[in-house]
Structures are given as structure tokens and as C-alpha cells.
Amino acid sequence: MNSLPKLKTLERIVDSGLVAVVRAESSDQACRIADACAEGGIGAIEITFTVPHAPAVIADLARRDAPKNILVGAGTVLDPETARMAILAGAQFVVGPSVSAETARLCNRYQVPYMPGAGTVTEIVHAMECGADVIKIFPGELLGPGFVKAVMGPLPQARLMPTGGVSVENVEAWIRAGCVAVGVGGNLTAGAKHGDYQSITEVARQFIARIREARGKAH
């Protein structure tokens, strides 16, 4: 189980500003993607439950010594049963496409960050009332940075993270709109399909650089 304090987990996710969403075909591929992401400066990798044998993949990543500076989380979590399975496998945070009060309660019980998806102001408020730590704006490609900027007016306390449609070209717009981090899948990990893990590291570095620039932290 996750031994890292909840606040430290959230701090590391927000610090790097990017969660890599991985739909790997095997544990070996997931580990290689994780290594490439860590080398590129990414703080967290999310293994979705659409991946075959996802708990085993999460457990393999959580057990190994490397990647040393990357968190391992579970994605596409719809219910508390799946969340508990993921946490027992070693998941350090839990992400879902929608809000589940029961899942939020379980994650809070074990002090594991919960990041449910929301696509309306009502859903965002509901997620916050359930105790969500970060709210995944989903689907990001349909809502856009303008949605986040509009939400932050009446809800400046909301901690938002878009997933879907986030690219190197538009990541700065998301951050400047008020997002604490972004979730990126195929636009980051596409090289894995051809065994090109170096490209993942290179794209990761581009993302991190753009995020830092948007935050005014460019070096």
C-alpha cells in the first residue's frame, strides 16, 4: 500500500504539473514508459483500468526500485471496489472519469488522493463536496482552457486538471487558465507503440518546460 503521505503525493503531482496517462499492453511496456517519463521530469504516471491486468501492472511498477522519482496511480476507476484493489496493489492516487461519492469516501478513509472527472460546474462543486483533492476536467478536448478560466471566476478554490486534448502546443493555455496540472495520454506516449521510448522523454521535457514557462518558472 501507499506509504507516502497524502499531502506529499499531491505536492509532487502539482510540482511537476503533469500526469502521464498510460494504456500499456504489458507490465514491461508500462515500466519502460514510466522510466522515460521520469527521465523527462514527469512526477506521476496513471495506469488505467482499461489496461489488461491493471492491478498487476500497478504492483510491478510500485515494487521496483526504478523509476525512483515518479508516483504510480490508477485511472478509469469507477467504484470503491476498484479503488481498493488499486490501493492494495500500490496505487498512490486514484483517478476516475466521473464523480463517485463512495469512491471518494474510500480514498479519504485511506488518505489516498482522489481525482474524479467533471464536465460541468455542478459536477465540479459536487466533487469538491465529496472531498476530491483535484478535479479532472474531462473531456478536455471538448471543454477547452476557456471553460477552466470561466470556472475559476466563481470557484477560485477549485483545483483542476484537464485530461484529453492536452498537447505541447496548448499546455500553456491550460496552466494559465488556472489548472494545477494536466493529464496527457497519447500526445505523450505515442512513441511506445513503435518502441521509441526516447521520444517520450523528449516530449515530456517539452511539456515540463512549457508548464514552467506558463507558471513563470522558466530557467
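The values are calculated or read from the model by the stated rules, or taken from the named source; none is laboratory data. Because the structure is predicted, anything quoted here is derived from the model rather than measured. Please note: Cβ atoms are built from the backbone with ideal geometry, for glycine as well, and neighbour counts cover all protein chains shown. Surface areas here come from the heavy atoms of the whole protein model, side chains and all, with no ligands, DNA or RNA. Shrake-Rupley method; radii C 1.70, N 1.55, O 1.52, S 1.80 Å.
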Considering Ala150, Ala127, Ala173, Ala190, which residue is touching a Pro at 6+ places or on another chain (Cβ under 9 Å) and either among the β-branched types (Val, Ile, Thr) or open to solvent by 10 Å² or more (accessible area, probe 1.4 Å) (or both)? Ala173
Of (1) among the aliphatic types (A, V, I, L, M); (2) closer than 22 Å to Glu129 by Cα; (3) assigned to a loop (DSSP other than H, G, I, E, B), Ala24 satisfies all except one. Which? (2)
Pairs only if they're at least six apart or on different chains, beta carbon under 7 angstrom, first in segment 108-124 and more than 18 Å from Ala74 (Cβ to Cβ), second open to solvent by 20 Å² or more (accessible area, probe 1.4 Å) and in a helix (DSSP H, G or I); list them, first residue then second. Gly119/Leu143
When segment 153-164 is checked residue by residue, the ones that are over 22 Å from Glu11 (Cβ atoms) and buried (at least 18 other Cβ atoms within 10 Å of the Cβ) are Gly164
